[in-house]
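All remarks here apply to the structure that follows.
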């Protein structure tokens with residue numbers, strides 16, 4: 001993670017699916033380099049534990065109870081993080097969602113009901129570092 005830390009000295013990351021598995025492992029690695037990490041997940045208890053772990057490793061942790069399929073909630077969480085920290089340097093869109101195959105062609109998926117619901121988080125990334 002040292003290369004990321006050198007590239008983004010303000011160290012601001014937002015991770016979905018951050019309460020366990022790969023998302024948590026990445027949050028922990030960033031925490032070791034002192035990053036401020038927005039932790040987003042639907043698993044409230046695991047999310048709170050993850051925030052404690054990240055803080056114990058030297059990072060800042062801001063937990064967001066978030067269902068990434070809710071575009072409005074995703075946008076609000078990203079905007080809250082941006083307002084608090086002045087931007088986002090790194091987004092790790094790790095949250096997994098389950099969707100039956102017949103829903104993949106549904107109108108709601110086409111409008112952003114799947115993983116494309118992360119699009120609302122994109123505007124804060126357009127600000128210069």
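The sole residue among 113, 87 that is at positive phi and either modelled with pLDDT of 95 or more or surrounded by 14 or more Cβ atoms within 10 Å (Cβ to Cβ) (or both) is 87. So, restricting to helices (runs of 4 or more DSSP H) that lie completely within the stretch 1-79, which ones have at least 2 residues that are under 14 Å from residue 94 (Cα atoms) and in contact with a strand residue (DSSP E or B) (Cβ under 6 Å, 6 or more places away or on another chain)? Counting at least 2 such residues, we get 21-32.
If you go through the stretch 45-68 and pick out every residue that is within 14 Å of residue 29 (Cβ to Cβ), surrounded by fewer than 22 Cβ atoms within 10 Å (Cβ to Cβ) and touching a helix residue (DSSP H, G or I) at 6+ places or on another chain (Cβ under 7 Å), you end up with 3.
The values are calculated or read from the model by the stated rules, or taken from the named source; none is laboratory data. Quantities reported herein were computed from a predicted structural model and do not represent experimental measurements. Methodologically, a virtual Cβ is constructed for each residue, glycine included, from the backbone with ideal geometry; neighbour enumeration extends over all protein chains shown.
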